[in-house]
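K.L.:
Structure in structure tokens, see below.
The values are calculated or read from the model by the stated rules, or taken from the named source; none is laboratory data. Since this is a predicted model, take the numbers as computed values, not measurements. Heads up, the Cβs are rebuilt from the backbone with ideal geometry, glycines too, and the neighbour counts pull from every protein chain shown.
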Amino acid sequence: MTQTQKTLLFIDMDNVLVDFKSGLAKVSEEIKQQYECDEKGKPHYDDIPGIFALMEPMPGAIEAVRALKEKYDLYILSTAPWMNPSAWSDKVKWVQHYFDSARKEGVFYKRLILCHHKDMLIRPGAYLIDDRPNHGAEQFGDHWIQMGSKRFPDWKSVVQYLM
């Protein structure tokens, strides 16, 4: 890594940048009931069409990204439900809205990666901020920052660690 090159930092969306519960709170009880039980008996609320367009940012997320962009090369690395095509476009729209990323000056302009195998993007020195070990996140090892964990309960703790 050269002196001018920044360290790569991937950031997950759901429950990291985006407050999933805030979107769910805006869905009617009738709609929620339709998605309460999948074939395994678990809720699959992420399959509700349009739910990802309803979500608000996590507390501190916007400010944290502004701080981290000065030191890190930022990308969003998220998954999207396979059976909910609107989730894919809603995630792009969310990023454009909250980070002005419809323009080249936006922090995440063309820096949204939707992938179900996050470990495919492991690079030497790269970090991942994610709330769950799923989809290869835990393969980042010591460079996986688990948002919501005892060590990293919120964005303030993450920024303190990374800066």
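K.L.:
With the structure loaded, tell me whether Val107 is buried (at least 20 other Cβ atoms within 10 Å of the Cβ), in contact with a Leu (Cβ under 7 Å, 6 or more places away or on another chain) and under 14 Å from Ile62 (Cα atoms) or whether it fails that test. Full working, then the answer.
P.N.:
On the way: buried (at least 20 other Cβ atoms within 10 Å of the Cβ): no; in contact with a Leu (Cβ under 7 Å, 6 or more places away or on another chain): yes; under 14 Å from Ile62 (Cα atoms): yes.
Judged against the criteria, Val107 is not a match.
K.L.:
Checking Asp73 against (1) within 24 Å of Pro153 (Cα to Cα); (2) of a type in the set (Asp, Glu); (3) assigned to a helix (DSSP H, G or I); (4) touching a residue at least 24 places away in the same chain (Cβ under 8 Å), which single condition isn't satisfied?
P.N.:
(3)
K.L.:
Still on this structure, please answer the following. Would you point out the residue of segment 16-35, among those that are of a type in the set (D, E, K, R) and not in a loop (DSSP other than H, G, I, E, B), that is farthest from Asp130 (Cα to Cα)?
P.N.:
For segment 16-35, the residue satisfying everything is Glu30.
K.L.:
Does Val18 meet the test of being among the β-branched types (Val, Ile, Thr), under 22 Å from Gly136 (Cα atoms) and surrounded by 15 or more Cβ atoms within 10 Å (Cβ to Cβ)?
P.N.:
Against the criterion (among the β-branched types (Val, Ile, Thr), under 22 Å from Gly136 (Cα atoms) and surrounded by 15 or more Cβ atoms within 10 Å (Cβ to Cβ)), Val18 qualifies.
K.L.:
Which of the residues belonging to segment 50-62 are assigned to a loop (DSSP other than H, G, I, E, B) and either free of Cβ contacts under 8 Å to residues at least 12 places away in the same chain or surrounded by 13 or more Cβ atoms within 10 Å (Cβ to Cβ) (or both)?
P.N.:
Gly50, Leu54, Met55, Met58, Gly60
K.L.:
For Asp38, indicate whether it is farther than 25 Å from Gln139 by Cβ and in a loop (DSSP other than H, G, I, E, B).
P.N.:
yes
K.L.:
If a residue must be touching a strand residue (DSSP E or B) at 6+ places or on another chain (Cβ under 9 Å) and touching a residue at least 12 places away in the same chain (Cβ under 8 Å), how many such residues does segment 100-118 contain?
P.N.:
The number of residues fulfilling the criteria is 8.
K.L.:
Out of all the residues in segment 100-130, which are of a type in the set (Asp, Glu) and at pLDDT below 95?
P.N.:
Hits for segment 100-130 are Asp100, Glu105, Asp119.
K.L.:
How many residues does segment 18-55 contain that are out of contact with any Phe, Trp or Tyr (no Cβ under 8 Å at 6 or more places or on another chain), aliphatic (A, V, I, L, M) and under 30 Å from Val107 (Cα atoms)?
P.N.:
Of the residues in that region, 2 qualify.
The rows are residues; the columns are (1) among the aliphatic types (A, V, I, L, M); (2) surrounded by 15 or more Cβ atoms within 10 Å (Cβ to Cβ).
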| residue | (1), (2) |
| --- | --- |
| Val65 | yes, yes |
| Leu74 | yes, yes |
| Ser89 | no, no |
| Gln96 | no, yes |
| His135 | no, yes |
| Leu162 | yes, yes |
